[in-house]
Amino acid sequence: MNIEEQVELLMQGTEYGDEDLKKAMTAELRERLTLAEKEGRPLRVYCGYDPTSTDLHLGHTISMRKLSQFQDLGHEVTFLIGSYTALVGDPSDKNKARPVLTEEKVAENAVTYAEQAFRVLDRDKTKVRYNGEWLSKLNLVDLIRLGQNFTVQQFLARDNFANRLEKGEPIYLHETFYALMQGYDAVAMETDVQVGGSDQLFNIIVAGRKLQESQGQKPLVGIITGILPGTDGAQRMSKSTGNIVPINTGANDMFGKLMSVPDSAMGVYMRLVTRWSPQEIDKLEKDVASGVFHPRDAKMKMASEITSIFYNDAEAKAAQDNFVKTFQQKEVPDEMPEFDLQPGQTVVDVILAAKLAESKSKARSLIDQKGVRLDGEVLERGDAVFPHPGVLQVGKRRFLRVKIA
């Protein structure tokens with residue numbers, strides 16, 4: 001790829017909320033890539049991940065896909081585990097303070113993070129580091145000197161803090177440390193490029209760049225990726241809303257969940273999750289718009305591509321065949337009742353509320369007999385929270401389209 005093609009690929013799926021800022025970051029990226037090529041050195045690129053839970057879903061992997069693109073272009077990529085930032089918890093998209101985790105819990109969660117990341121990243125080309133390596137060495141004087149680069153007003157102007165202030169809800173002092181800590185990560189690693197979601201805009205563009213400048217470093221280029229909507233196509237992918245696509249549940253499950261994504265969200269998924277170039281995506285969208293390609297077939301192509309990233313081509317093909325057999329060869333009716341899923345409802349709750357079983361014991365019996373499926377996948381626990389929207393099959397002939405209320 002020439003420099004312009006690299007810039008187009010690396011800026012695909014980015015979202016800054018401000019066109020001038022996007023143009024500025026695009027220009028700086030072009031300048032860095034040109035200089036790196038001239039000097040014959042790779043750019044230092046990183047993204048940080050706070051191990052606040054043990055499992056990753058597809059939304060977490062958007063920034064990893066961007067890191068992978070940098071790897072493919074020969075740049076140095078660091079997968080940074082936020083062993084210290086996780087202790088504070090990122091307040092960027094939260095309307096209340098996150099619980100402070102213990103170091104033991106963070107360490108326990110971190111064990112699985114890198115291994116899951118290698119489903120996307122090249123293990124041999126990826127540096128894995130922990131930010132406790134340098135944050136643990138900062139003392140009170142260091143923190144004061146970092147803090148003098150920012151005003152309280154800058155933090156209070158952020159939407160989540162401003163909303164909490166207006167409602168009279170507490171904003172804790174330790175929450176303002178997060179941006180300083182993340183900004184210092186960039187300083188410690190002398191970063192050229194930092195990748196992160198649009199909820200990280202302040203931490204990357206303001207904190208990271210400002211702290212680097214204060215330490216005499218050239219400010220990083222922020223590659224700000226869009227936020228992936230969940231399987232409902234509306235809300236951001238989140239475990240709390242039940243609209244996630246986990247990356248560790250099997251090819252059939254992933255394929256089925258991707259096929260439940262609304263047509264309107266396909267463009268976002270293609271740009272944020274697939275390995276396709278901007279030109280390939282544009283052609284596919286034009287073919288769908290002109291009627292050359294059916295939206296269902298385009299979605300199947302997308303689901304197969306994404307599933308093959310996390311599993312392999314053979315498993316993706318088997319998942320597609322299973323889906324076709326189950327849903328397209330008339331094993332599932334075109335018309336069926338619909339049900340609005342409420343937060344916290346279990347599998348048994350849904351079966352009973354939709355009158356698909358006469359009693360809890362009957363519902364559990366059907367589950368024990370592997371007679372309950374969601375998008376073709378057997379549901380094995382009746383007391384588990386209902387996994388996600390989709391087609392619920394109870395027994396051989398009863399079907400229910402479950403949606404988020």
Considering residues of the range 360-405 that are free of Cβ contacts under 8 Å to residues at least 24 places away in the same chain and among the polar types (S, T, N, Q) only, the residue surrounded by the most Cβ atoms within 10 Å (Cβ to Cβ): S365
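Of the residues that sit in the range 182-201 and are open to solvent by 30 Å² or more (accessible area, probe 1.4 Å) and in a helix (DSSP H, G or I), which one is nearest to T78 (Cα to Cα)? Explain how you work it out, then say what you get.
Step one: list which residues in the range 182-201 are open to solvent by 30 Å² or more (accessible area, probe 1.4 Å), which gives 184, 188, 190, 198-199, 201.
Restricting the remaining residues to those that are in a helix (DSSP H, G or I) gives 184, 188, 198-199, 201.
On the way: Y184: 15, A188: 12, S198: 20, D199: 20, L201: 19 Å.
Filtering the range 182-201 for residues that are open to solvent by 30 Å² or more (accessible area, probe 1.4 Å) and in a helix (DSSP H, G or I), the one nearest to T78 (Cα to Cα) comes out as A188.
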Cross-chain or 6+ apart pairs with Cβ under 8 Å, the range 178-194 first and without any contact (Cβ under 8 Å) to a residue 60 or more places away in the chain and closer than 14 Å to D142 by Cβ, then assigned to a loop (DSSP other than H, G, I, E, B) and open to solvent by 10 Å² or more (accessible area, probe 1.4 Å): L180/F150; Y184/L138; V187/Q215; V187/Q217
Residues (farther than 27 Å from E8 by Cβ, open to solvent by less than 30 Å² (accessible area, probe 1.4 Å) and of a type in the set (A, V, I, L, M)) located in the range 202-236: A207, L211
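Counting only residues that are of a type in the set (A, V, I, L, M, F, W, C), farther than 21 Å from A179 by Cβ and in contact (Cβ under 8 Å) with a residue 60 or more places away in the chain, which one in the range 69-87 is surrounded by the fewest Cβ atoms within 10 Å (Cβ to Cβ)?
Quick first cut of the range 69-87, residues of a type in the set (A, V, I, L, M, F, W, C) only: 70, 73, 77, 79-81, 86-87.
Then drop every residue that is not farther than 21 Å from A179 by Cβ, which leaves 70, 73, 77.
Going one step further and asking which of them are in contact (Cβ under 8 Å) with a residue 60 or more places away in the chain, we end up with 70, 73.
Numbers: F70: 25, L73: 17.
Among them, the one singled out is L73.
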Residue, farthest from L201 (Cα to Cα), within the range 142-169, restricted to residues that are open to solvent by less than 50 Å² (accessible area, probe 1.4 Å), at pLDDT 85 or above and assigned to a loop (DSSP other than H, G, I, E, B): N149
Per-region count, the range 1-20, residues open to solvent by 80 Å² or more (accessible area, probe 1.4 Å), closer than 20 Å to I281 by Cα and assigned to a helix (DSSP H, G or I): 3
Some residue of the range 329-351 being over 26 Å from the mean Cα position of the chain (by Cα), open to solvent by 40 Å² or more (accessible area, probe 1.4 Å) and more than 22 Å from M259 (Cα to Cα): yes
Of all residues making up the range 279-308, the number that are β-branched (V, I, T) and open to solvent by 20 Å² or more (accessible area, probe 1.4 Å): 2
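Counting only residues that are part of a loop (DSSP other than H, G, I, E, B) and of a type outside the set (D, E), how many does the range 21-75 have?
First, the residues of the range 21-75 that are part of a loop (DSSP other than H, G, I, E, B): 40-43, 50-56, 73-75.
Remaining after also requiring of a type outside the set (D, E): 40-43, 51-54, 56, 73-75.
Of the residues in the range 21-75, 12 are part of a loop (DSSP other than H, G, I, E, B) and of a type outside the set (D, E).
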Lone unmet requirement of (1) within 14 Å of the chain's Cα centre (by Cα); (2) at pLDDT below 90; (3) not small (G, A, S) for I224: (2)
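The values are calculated or read from the model by the stated rules, or taken from the named source; none is laboratory data. What you are looking at is a predicted structure, and each value in this text was computed from that prediction instead of being measured. Note: ideal-geometry Cβ built from the backbone for every residue, glycine included; neighbour counts use all protein chains shown. Accessible surface is based on the protein model in full, side chains and every heavy atom, while ligands, DNA and RNA are left aside. Shrake-Rupley method; radii C 1.70, N 1.55, O 1.52, S 1.80 Å.
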